[in-house]
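One structure is given below, encoded as structure tokens.
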Amino acid sequence: MELETSHSITVEMRLLNEEMYVMQLVLKQGISEAQLKLANYKDEMDLINKEKEGKIFQLMKQLEMKDDALISAQKELTEEREKAACLMSKMREIESYGSNKELQHSLQSELDRYKEMLEESTNCQRILEEKLLQMESDSKEQLRETHEALDIAINELDERIC
């Protein structure tokens, strides 16, 4: 009887060992699948991040180019303002000359020429100011788009991480 009980316990223990072995194999398989999914997910996230970084880099380059153009336009505008100031000064100087008719006629023609130059300079200045405003507007819009792209990328990254 004792032998029978001992034999019965041994058989039961073997069955439990086999059951535990099978459960261990199933658990290892589940862990392996989870690790594979995690690795695939990480690779996918790396690819998405590289694409986003590329787009952000491209937008930043465009923004730098627009900023350089804006600086150049501001410099041209300053130069045109200086020209206008110089022409105004010469125009006042010419207007202050007096009585000699010949000198007055010569100075009047020079004054007319300076007035034309001033008018051209003023028109050029106005055009440059309009371009400057447009470039500032474009730069602000592009900066806004860059921020939106960054926000979207960050949100996507947060969603995928969480």
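Within region 124-162, what residues put their amide N at less than 17 Å from the label point 7 Å along the Cα-to-Cβ vector of Ala34?
Residues 162 qualify, since their backbone N sits under 17 Å from the label point.
What angle do you read, to the nearest 10 degrees and between 0 and 90, between the alpha-carbon axis of helix 2-96 and the longest principal axis of the chain?
0
What base-10 log of the normalised intensity I(q)/I(0) is obtained for the chain from the Debye formula, alpha carbons as equal point scatterers, at q = 0.11, 0.14, 0.16 Å⁻¹?
Summing over Cα pairs of the chain leads to -0.77, -0.91, -1.00.
Pick from Lys61, Lys83, Lys37: which residue has the top mean-square fluctuation in a GNM of the chain where Cα pairs under 10 Å get a spring?
Fluctuation is largest for Lys37.
Taking the chain as a Gaussian network, Cα atoms linked when under 10 Å apart, which of Met65, Met88, Met20 shows the biggest mean-square fluctuation?
Met20
What's the extension gain from Ile154 to Glu82 if we count 0.36 nm per residue and subtract their Cα-Cα distance? Present the calculation step by step, with values, prior to reporting the outcome.
Details: separation 72, 0.36 × 72 = 25.92 nm, distance 4.69 nm.
Value of the extension gain: 21.2 nm.
With springs connecting C-alpha atoms under 10 Å apart, model the chain as a Gaussian network and identify which of Arg14, Arg144, Arg126 has the largest mean-square fluctuation.
Comparing Arg14, Arg144, Arg126 in the GNM, the peak value goes to Arg14.
Around Glu156, under 14 Å between beta carbons, what's the net of Lys plus Arg minus Asp minus Glu among the other residues? Please list the in-between numbers first.
On the way: positive: Lys50, Lys52, Lys55, Arg160; negative: Glu44, Asp46, Glu51, Glu53, Glu148, Asp151, Asp158, Glu159.
Spelling it out: positives minus negatives among the neighbours equals -4.
Taking the Cα atoms of region 1-79 alone, what are Rg (to one decimal) and Dmax (as a whole number) in Å?
When restricted to the Cα atoms of region 1-79, Rg and Dmax are 33.8, 115 Å.
Could you sort Leu36, Leu87 by accessible area so the largest value comes first, with the probe set to 1.4 Å?
Numbers: Leu36 110, Leu87 15 Å².
Heavy-atom accessible area, descending, gives Leu36, Leu87.
Roughly how many percent of the accessible protein surface of the chain is carbon and sulfur, given a 1.4 Å probe and a whole-percent answer?
Details: 7490 of 13210 Å².
Result for the chain: 57 percent of the exposed heavy-atom area is carbon or sulfur.
For the chain, what does the relative contact order come out to in percent, with C-alpha contacts under 8 Å and a separation of six or more?
Details: 54 pairs, mean separation 52.9, N = 162.
RCO, the chain: 33 percent.
Expressed as an acute angle from 0 to 90° and rounded to the nearest 10, what is the orientation of the C-alpha long axis of helix 101-161 relative to the principal long axis of the chain?
On a 0 to 90 degree scale, this one is about 10.
Please report how far the C-alpha centroid of region 56-79 lies from that of region 1-32, rounded to the nearest whole angstrom.
After rounding, the separation between the Cα centres reads 75 Å.
The values are calculated or read from the model by the stated rules, or taken from the named source; none is laboratory data. All figures in this text were calculated on a predicted structure; none of them were measured in a lab. Cβ sites come from the backbone with ideal geometry, for glycine too, and all protein chains shown count toward neighbours. In case anyone asks, the SASA skips ligands and DNA or RNA and just uses the protein heavy atoms, side chains included. Shrake-Rupley method; radii C 1.70, N 1.55, O 1.52, S 1.80 Å.
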